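A.B. asks: Have a look at the structure that comes next, please.
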Amino acid sequence: MLPFRRIGRREGISGAGLPDKGTTRDMPTPHIAFSLWMFLSVCIHVAMLTFWPLPAPWELGKPTILMVELYPPGESDGNQPEAREGSPAGTPTPSTRPLPEKNHSQPPVPRKRTTEAVSNRKDILPRGKTGPAVDQKAPDTLYRPAMDGSGEVSGGTAPASESANAPLSSLGDGPGTSSISGNGQPGTETGHGENGRGSYRASPLGYGSATQIPYPKTARRRGWQGEVLLKVAVTADGTVATIQIEKSSGYDMLDQSAREAVALWIFRPARRNGQPIADTVLVPVRFELQNGL
Amino acid sequence: MLLKKVLPLALAGVLLHAGQPFAAETTTLDPVVVTATRLETPLSQVASSVTVISRQDIENQQPSHVIDVLRSVPGLDVVRQGGSGQQTSIFLRGANSTHTLVLVDGVEVNDPSNPGRSFDFANLAVDNIERIEIVRGPGSTLYGSDALGGVINIITRKGSGKPKVAISAEGGSFDTHQERLSLSGGNDLINYSLTASYFDTKGISAAAKKYGNTERDGFDRTTVSTRFGLTPLGNVDVDFFLRYIKSNTDLDTFAGPGGDDPNNTFHSESIYARIQGRLMLLNDLWEQRLGLSLTDYARKNIDRTDPDHPFDSSRTTYDSRLYKMDWQHNLYFTSANVFTLGGEYKKEEAKGKSQFFYEDPLWNTDDSFSKKSVETFSAFLQDQVILWDDFITTFGLRVDDHQTFGARLTYRITSSYLFRPTGTRIKGTFGTAFKAPTLAQLFENSTWVLGNPNLAPEKSRGWDIGLEQKFWDDRISLSATYFENRFEDLINTFFSFSSFKYEYENIDKAESKGVELTASVRPMDNLTLSASYTYTDTENRATGNQLLRRPRHKYNLNADYRFLDRGNVNLDIFYVGKRDDIDLLIWDQTKTLGAYTVVNLAIAYDLAKHLRIHGRVENLFDEDYEEVNGFGTPGIAGYVGATLSF
């Protein structure tokens, strides 16, 4: 045995068969594959440009819904999420969604109410994820979270008569004051205040996309995720009096993003015997990154 | 998880005290979930054929070595000369084993002192790995030399959140045991992850036991892997990566009858290190990345005389290093146009010594390979254009200027289009790649081999076109890809009667084409079924023969089921069709090796909050097969272990 053919550690397990030496090197036709590929590419492009449905042109005489998002001055520091551009679904848009709750501690009671505006608004906003749509007439309601269609988490299920004396009851009026993030199903009562005594804890008017907690871009780039627990003192008129970080997410940037956004939330105030009163609640905010598949 | 428990309690509390809702405790509301996609390009926008293996996949299958999860990747064939720790090679889309560039955290780990500059997967553990990306098709435009068949990119885990510690131990067949310690965490300022592990097995005989080889070839391996990051400013990230691997392996002298060698041992030490800084400027429109990498190998093969080989002994050592500096700029002009510009400097160096002694001193050799080095300067640019959100095209161009053969231009075009109404994606790529001759091929001058400094690089050109279709809310996903690769100027040896040595020349040509099909179905949230099939047709264009060790047919079936929210069971089946290999006695003849099917089953269960137990059976049906002609493979084997985590 020739020693140099020892199977040693040096050689990789090659696998190229040993060719016959001296075979004429017939050059292949190297550019056929490329030409074919280019041709195919051109065909696809032409087909796309011809058949791809372009967005319908503006039609005169039809009411057009302009979706405008405004951000309070303190937030436009460059860490604004891209949602601002109203990017369509599919682009990396931070979105806020309620966490579907699996374990109901009591059977949900379907309510007929949940504001008819819900179904109306659904027609206005084709996609729930496009961020809050704002009626230009009511820019001050910008940060008021929407009545959430899914109801379970929103707590926005009080009878209209009850919420009539809440300072924000007007939210439900007029189309386009807020966006619908849920699926538009009738809300179900979570239990607070269902006993007819009109006593329940403060709850946000909705976890719809109107809440818009931005996912800071730097955090996204670095892959930071976590859950922050906020302790929110809600006044009798539903605004946030004080806000504390009860448990940090481990990332100050995420904590501050949540804190600043939730500070602008409007809550449905707590009530005792029908009277709105101040209350303190804990709001968990979970930041999650998806792989964008 | 915790929240799901807290919330109903909180609600129940409210209900019980409905009359007096303002008890001292504070209500916890439902969590608000803020989601965003990661800023890396989502896989669905990548036109290249990519397979991603996540940490979850690795945990579900419980492999010890990276190679074990690669076996199921479409378009990738794995061969190992025996059990754990033995020389391991891969063939990507029919390319040679030296034609895959392997990166660990951006560090090129192909060994510069290896005559083919290939990467030996034998010693690479799954420790601390977050993700493995396998990019098929010629890829030199982004990565430079060696990416003829494709690129494998291994990414180390980044620590986050509260400090976490995990200790695990495992034992099983072939006197195998494995211990591992992991530590990770992170906050606004720093992040860290560290894993140290030790693996030891008495193994099986590397030379197949069916030829009467009984001496077991053991293997032990120590791995330390860490990633440490600093984020001092919002726009500055500094990351440090280090992977250290030390291993000792028993070898057999050769395959087939009489291959056993009781004291032939191989010792290897490798270091992969990188420091990388990232700076974001102009309101995140300009990203810069500057990195320094070091790859260091020290390998030693010692074979002393023994009763079976009273005269034969050898001693070889190789040391090699690769230094790399890279500077890349990404310009995010608009979200629809990303321009990338970069430069790279690379210096590879190697030296070696080899001595062989035989009964007849006439054959004895004593060679040394003094330190040789080669430098390469590279520049590249790429533009990614996105039209109507769904039509993505990239154009890339790269020049590598190599010290011996000069400049080499490579390019790559990729395109992918998502047709939203039907959820169909069509994608295609065309690209070229090259592989610079290795230091051994250029400069070796030993008893038997003479290098050739005039060698040209090996080159490849390839294209693929694929379709992807998703159904049922993405619960069903199907894909089909057709590929073709053409390899030219492949370097091979011939015996020269002028020098009486083997010399290298750019002589070989080959081509490969085939089809990769994948399917994945998630009928329930906790059940995933996936399958892949690859057909590969290869041809040595000088002889017209199929290339060695590439099966025409290969498939993989995998079922993963998560039960009771705390357990997981994974069933993995892979089939490799028949393929040609070198005959044991007459090296220029081939022998066809039989097809085989291997079934692996892995189960894990969270016994308590901090305790997870796991177990697996490898080669459940005790299939008797060969990956490389004459070398052994493990029969049925079982392993159990536990992990404590805090």
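The values are calculated or read from the model by the stated rules, or taken from the named source; none is laboratory data. Bear in mind the structure is a predicted one, so any value in this text is a computation, not a measurement. Note: ideal-geometry Cβ built from the backbone for every residue, glycine included; neighbour counts use all protein chains shown.
A.B. asks: Which residue is nearest to the other protein chains (Cβ to nearest Cβ), if the candidates are limited to region B:172-197 and must be of a type in the set (A, V, I, L, M, F, W, C) and more than 30 Å from B:ASP308 (Cβ to Cβ)?
C.D. replies: B:LEU189
A.B. asks: Taking region B:264-285 on its own, how many of its residues are more than 10 Å from chain A (Cβ to nearest Cβ), in contact with a strand residue (DSSP E or B) (Cβ under 6 Å, 6 or more places away or on another chain) and in contact (Cβ under 8 Å) with a residue 40 or more places away in the chain?
C.D. replies: Total satisfying the criteria: 8.
A.B. asks: To continue, here is another question. Please go through region B:530-559 and give me each residue that is more than 15 Å from B:ASP581 (Cβ to Cβ), of a type outside the set (Ser, Thr, Tyr) and away from every other protein chain (no Cβ under 12 Å), ordered by number.
C.D. replies: B:ALA531, B:ASP537, B:HIS553, B:LYS554, B:ASN556, B:LEU557, B:ASN558, B:ALA559
A.B. asks: Any residue at all in region B:180-194 that's surrounded by fewer than 18 Cβ atoms within 10 Å (Cβ to Cβ), within 26 Å of B:ARG315 (Cβ to Cβ) and at pLDDT 95 or above?
C.D. replies: Scanning region B:180-194, I find no residue that is surrounded by fewer than 18 Cβ atoms within 10 Å (Cβ to Cβ), within 26 Å of B:ARG315 (Cβ to Cβ) and at pLDDT 95 or above, so the answer is no.
A.B. asks: For B:LYS435, only one of the following conditions fails: (1) under 30 Å from B:GLN328 (Cα atoms); (2) modelled with pLDDT under 90. What is its number?
C.D. replies: Only one criterion in (1) under 30 Å from B:GLN328 (Cα atoms); (2) modelled with pLDDT under 90 is unmet by B:LYS435, namely (2).
This table checks each residue for (1) more than 8 Å from every other protein chain (Cβ to nearest Cβ); (2) over 30 Å from A:VAL232 (Cα atoms); (3) at pLDDT 70 or above.
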position: B:GLY19; (1), (2), (3): no, no, no
position: B:PHE22; (1), (2), (3): no, no, no
position: B:GLU25; (1), (2), (3): yes, no, no
position: B:ASP30; (1), (2), (3): no, no, yes
position: B:VAL34; (1), (2), (3): no, no, yes
position: B:LEU39; (1), (2), (3): no, yes, no
position: B:PRO42; (1), (2), (3): no, yes, no
position: B:ARG55; (1), (2), (3): yes, yes, yes
position: B:GLU59; (1), (2), (3): yes, yes, yes
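A.B. asks: Taking the residues in region B:350-388 that are among the hydroxyl-bearing types (Ser, Thr, Tyr) and within 13 Å of chain A (Cβ to nearest Cβ) as candidates, determine which candidate is farthest from the chain's Cα centre (by Cα).
C.D. replies: Ranking the qualifying residues of region B:350-388, first place goes to B:TYR358.
A.B. asks: Still on this model: Residues that are touching a Leu at 6+ places or on another chain (Cβ under 7 Å) and at pLDDT 95 or above: list the strands (runs of 3 or more DSSP E) wholly contained in region B:555-646 that include at least 1 such residues.
C.D. replies: B:567-576, B:596-608, B:611-618, B:637-645
A.B. asks: Something else: Please determine whether any residue of region A:246-269 is within 12 Å of another protein chain (Cβ to nearest Cβ), surrounded by 14 or more Cβ atoms within 10 Å (Cβ to Cβ) and at positive phi.
C.D. replies: Scanning region A:246-269 turns up at least one residue that is within 12 Å of another protein chain (Cβ to nearest Cβ), surrounded by 14 or more Cβ atoms within 10 Å (Cβ to Cβ) and at positive phi.
Residue by residue, here is whether (1) among the aromatic types (Phe, Trp, Tyr); (2) more than 30 Å from B:ALA456 (Cβ to Cβ); (3) loosely packed, with under 15 Cβ neighbours inside 10 Å holds:
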| residue | (1), (2), (3) |
| --- | --- |
| B:SER314 | no, yes, no |
| B:LEU322 | no, no, no |
| B:TYR332 | yes, yes, no |
| B:LEU381 | no, no, no |
| B:ILE386 | no, yes, no |
| B:THR414 | no, no, no |
| B:THR422 | no, yes, yes |
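A.B. asks: Where residues in region B:606-629 are acidic (Asp, Glu) and touching a strand residue (DSSP E or B) at 6+ places or on another chain (Cβ under 6 Å), which of them is farthest from B:LYS578 (Cα to Cα)?
C.D. replies: The extreme case among them is B:ASP606.
A.B. asks: Name every residue in region B:177-195 that is touching a strand residue (DSSP E or B) at 6+ places or on another chain (Cβ under 7 Å) and either free of Cβ contacts under 8 Å to residues at least 40 places away in the same chain or among the polar types (S, T, N, Q) (or both), in order of residue number.
C.D. replies: Once the filter is applied, which keeps residues that are touching a strand residue (DSSP E or B) at 6+ places or on another chain (Cβ under 7 Å) and either free of Cβ contacts under 8 Å to residues at least 40 places away in the same chain or among the polar types (S, T, N, Q) (or both), region B:177-195 yields B:HIS177, B:GLN178, B:GLU179, B:LEU181, B:SER182, B:LEU183, B:SER184, B:GLY185, B:ASN191, B:TYR192, B:SER193, B:THR195.
A.B. asks: Sticking with this structure for a sec: Which of the strands (runs of 3 or more DSSP E) found entirely inside region B:82-191 contain at least 2 residues meeting this: closer than 30 Å to A:LEU289 by Cα?
C.D. replies: B:100-104, B:129-136, B:150-156, B:164-172, B:176-186
Residues checked against (1) surrounded by fewer than 16 Cβ atoms within 10 Å (Cβ to Cβ); (2) at positive phi:
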| residue | (1), (2) |
| --- | --- |
| B:ASN558 | no, no |
| B:ASP565 | yes, yes |
| B:ARG579 | no, no |
| B:GLN589 | yes, no |
| B:THR597 | yes, no |
| B:ASN600 | no, no |
| B:GLY630 | no, yes |
| B:ILE636 | yes, no |
| B:GLY641 | no, no |
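A.B. asks: So, one more: Identify all residues within region B:389-408 that are of a type in the set (A, V, I, L, M) and surrounded by fewer than 19 Cβ atoms within 10 Å (Cβ to Cβ); write none if there are none.
C.D. replies: Within region B:389-408, B:LEU397, B:VAL399, B:ALA407 qualify.
A.B. asks: List, please: which pairs have Cβ atoms under 6 Å, are six or more places apart or on different chains, and start with a residue in region B:415-429 that is within 18 Å of B:GLN384 (Cα to Cα) and more than 8 Å from every other protein chain (Cβ to nearest Cβ) and end with one that is buried (at least 18 other Cβ atoms within 10 Å of the Cβ) and of a type in the set (S, T, N, Q)?
C.D. replies: Listed by first residue and then by second, the contacts come to B:LYS427/B:SER416; B:THR429/B:SER48; B:THR429/B:THR414.
A.B. asks: For region B:191-202, does any single residue satisfy the condition of being over 23 Å from the mean Cα position of the chain (by Cα), among the polar types (S, T, N, Q) and more than 30 Å from B:THR253 (Cβ to Cβ)?
C.D. replies: Yes: region B:191-202 contains one or more residues that are over 23 Å from the mean Cα position of the chain (by Cα), among the polar types (S, T, N, Q) and more than 30 Å from B:THR253 (Cβ to Cβ).
A.B. asks: Next question. Yes or no: region B:303-314 includes at least one residue that is of a type in the set (Ser, Thr, Tyr), outside any loop (DSSP other than H, G, I, E, B) and more than 26 Å from the chain's Cα centre (by Cα).
C.D. replies: For region B:303-314, residues of a type in the set (Ser, Thr, Tyr), outside any loop (DSSP other than H, G, I, E, B) and more than 26 Å from the chain's Cα centre (by Cα): present.
Yes/no per residue for (1) within 13 Å of chain A (Cβ to nearest Cβ); (2) touching a Ser or Thr at 6+ places or on another chain (Cβ under 8 Å); (3) buried (at least 20 other Cβ atoms within 10 Å of the Cβ); (4) part of a strand (DSSP E or B):
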residue	(1), (2), (3), (4)
B:GLN441	yes, no, yes, no
B:THR447	yes, yes, no, no
B:LYS459	yes, yes, yes, yes
B:TRP463	yes, yes, yes, yes
B:GLU468	yes, yes, no, yes
B:ASP474	yes, no, no, no
B:LEU478	no, yes, no, yes
B:PHE487	yes, yes, yes, yes
B:LEU490	yes, no, yes, yes
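A.B. asks: Taking the options B:ARG299, B:ARG321, name whichever one is within 11 Å of another protein chain (Cβ to nearest Cβ), touching a residue at least 12 places away in the same chain (Cβ under 8 Å), of a type in the set (Lys, Arg) and in a strand (DSSP E or B).
C.D. replies: Just one listed residue meets the conditions, B:ARG299.
A.B. asks: Give region B:198-256 a look and list any residue that's among the β-branched types (Val, Ile, Thr) and away from chain A (no Cβ under 13 Å), or say none.
C.D. replies: Those that are among the β-branched types (Val, Ile, Thr) and away from chain A (no Cβ under 13 Å): B:THR201, B:ILE204, B:THR214, B:THR222, B:THR223, B:VAL224, B:THR226, B:ILE245.
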